[in-house]
Structure formats: structure tokens, C-alpha cells
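Single-structure report; data block below.
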Amino acid sequence: MANKVRPVLLLPVAWSPYPEFTHGLHDGLPLLPTKWAPPHLLATRRQLNALGKRPGGQDPVALLYGYSETGHCQWFANLYLISRAKPKLPMTPRKWHALNLANLARRECKRCHRARDYVIPPTFGMCFPCVEASENTNLSNENGADPWAA
């Protein structure tokens, strides 16, 4: 699959008083290939998170794009102005408590109601001992034996 060739255009941008080279517009935002975005001015959400910041309600000023070699498709990422980014909100005790309850719900078996030391796979919906017990019960039922007999 051949990469789509985009023309290089000189367009006005939000992060500079002068027009900058971009690869046109996509959804009304300047399109920048990887390595073209000025790293001291623009950042993605993950890069802002690494800096201890968040977008803070601002709209993206540009789009970063690239091609995935493994997926053979094009990807896009919103770029935000670092100067307008706000600091991340700190974790309060109430947030920590809510996060602990959510993680506990992921570790609690729906069948035996025990909290396990691992996250229960959603494909099974129960812990591994309960999965093994249900498989053994199904095998004994298929053989015509009484599942409750010892």
C-alpha cells in the first residue's frame, strides 16, 4: 500500500505569528507529519501528561499524523499548545478510594465472591478455580454421572 503524498503548503498557524509549512488542512486543522511539530510549543495528550499537564478545555491547534507499518493505516493525534495547558489535578483521598473500589470490582469473582490477587478475565467472568470447577461439572454431566456425588 503506497503512502498518500500530501503537498507542502505555507499556512497561518496558531502557534506562530508567521506562516509555517504544513501538509494542508484536515478537519480545519493544520496537518503535521511526525517530527514536524515544534516540541517546545505543541504536545499530544500523552506528552502533556508526561509533563504533568492537561489540555484544560482548549481545542487542538493542529493534527499530527503518521503511518502504521504493522496496521498499514494512517493515524492522527491532536496537538495542543503547551503554553495554554493547565496543571494536572492532584489525586484526592476520595479519588484514590474510588480507584481502589473499581480495582477491587475487577478482582472479585462473580460466582464465589472472593477477591483474587489478579484481575479476573472478562471472557470467563469468574476466577480460575471456579472455571475449573465448572469444567469438571460439565465433564461429569456429559458422562451421565451425578455431579453432586462424591
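The values are calculated or read from the model by the stated rules, or taken from the named source; none is laboratory data. Just so it is clear, the model here is predicted, and its values are computed rather than measured. Note that we place each Cβ from the backbone using ideal geometry, even for glycine, and neighbour counts take in every protein chain shown.
Can you give me the number of residues within region 1-28 that are free of Cβ contacts under 8 Å to residues at least 40 places away in the same chain and either among the hydrophobic types (A, V, I, L, M, F, W, C) or not in a loop (DSSP other than H, G, I, E, B) (or both)?
Within region 1-28, residues that are free of Cβ contacts under 8 Å to residues at least 40 places away in the same chain and either among the hydrophobic types (A, V, I, L, M, F, W, C) or not in a loop (DSSP other than H, G, I, E, B) (or both) number 9.
Pairs needed: first member in region 78-103, assigned by TED's automatic domain parsing to the domain that holds A50 and under 30 Å from A62 (Cα atoms); second member anywhere, among the β-branched types (V, I, T) and surrounded by 12 or more Cβ atoms within 10 Å (Cβ to Cβ); C-beta distance under 8 Å; at least 6 residues apart or different chains.
Note: pairs meeting the criteria are N78/T44; L79/T44; L79/V61; Y80/T44; Y80/V61; L81/V61.
Could you check how many residues of region 113-129 are farther than 18 Å from L101 by Cα and of a type in the set (F, W, Y)?
2
If the requirement is being closer than 30 Å to R6 by Cβ and modelled with pLDDT of 95 or more, which of these qualifies: L42, L101? Break it down stepwise before answering.
Details: L101 fails: closer than 30 Å to R6 by Cβ.
The unique qualifying residue is L42.
Answer yes or no: is there a residue in region 105-115 that is touching an Asp or Glu at 6+ places or on another chain (Cβ under 7 Å) and among the hydrophobic types (A, V, I, L, M, F, W, C).
Yes: one or more hits.
Answer yes or no as to whether C73 is within 30 Å of E135 (Cβ to Cβ) and either at pLDDT below 95 or not assigned by TED's automatic domain parsing to the domain that holds S16 (or both). Can you show your working first?
Numbers: within 30 Å of E135 (Cβ to Cβ): no; either at pLDDT below 95 or not assigned by TED's automatic domain parsing to the domain that holds S16 (or both): yes.
In short, no.
Given the criteria loosely packed, with under 11 Cβ neighbours inside 10 Å and outside the structural domain of A115 (by TED's automatic domain parsing), does D59 qualify? If you could, list the steps in order and put the result at the bottom.
Values: loosely packed, with under 11 Cβ neighbours inside 10 Å: no; outside the structural domain of A115 (by TED's automatic domain parsing): yes.
It is false that D59 is loosely packed, with under 11 Cβ neighbours inside 10 Å and outside the structural domain of A115 (by TED's automatic domain parsing).
Within region 1-56, can you find the residues that are in contact with a Pro (Cβ under 9 Å, 6 or more places away or on another chain) and among the basic types (K, R)?
R6, R45, K53, R54
Determine which single condition C73 fails, assuming it passes every other condition in (1) in contact (Cβ under 8 Å) with a residue 12 or more places away in the chain; (2) exposed (fewer than 10 other Cβ atoms within 10 Å of the Cβ).
Answer for C73: the failing condition is (1).
Give all pairs with beta carbons closer than 8 Å in which a residue from region 121-150 that is among the polar types (S, T, N, Q) meets a residue that is at pLDDT below 85; count only pairs at least 6 apart in sequence or on separate chains.
T137/P147; S140/D146; S140/P147; N141/P147
Inspect region 106-119 for any residue being under 30 Å from R6 (Cα atoms), more than 17 Å from the chain's Cα centre (by Cα), part of a loop (DSSP other than H, G, I, E, B) and among the basic types (K, R) and give the result as yes or no.
Within region 106-119, the first condition is being under 30 Å from R6 (Cα atoms), and the residues that meet it are none.
Taking every residue of region 106-119 in turn, none turns out to be under 30 Å from R6 (Cα atoms), more than 17 Å from the chain's Cα centre (by Cα), part of a loop (DSSP other than H, G, I, E, B) and among the basic types (K, R).
I'd like to verify a number: residues in region 40-70 that are touching a helix residue (DSSP H, G or I) at 6+ places or on another chain (Cβ under 8 Å) and either more than 16 Å from K86 (Cβ to Cβ) or in a strand (DSSP E or B) (or both), how many?
Looking only at region 40-70, we keep the residues that are touching a helix residue (DSSP H, G or I) at 6+ places or on another chain (Cβ under 8 Å), and these are 54-55.
Still in the list and also either more than 16 Å from K86 (Cβ to Cβ) or in a strand (DSSP E or B) (or both): 54.
Final tally of qualifying residues: 1.
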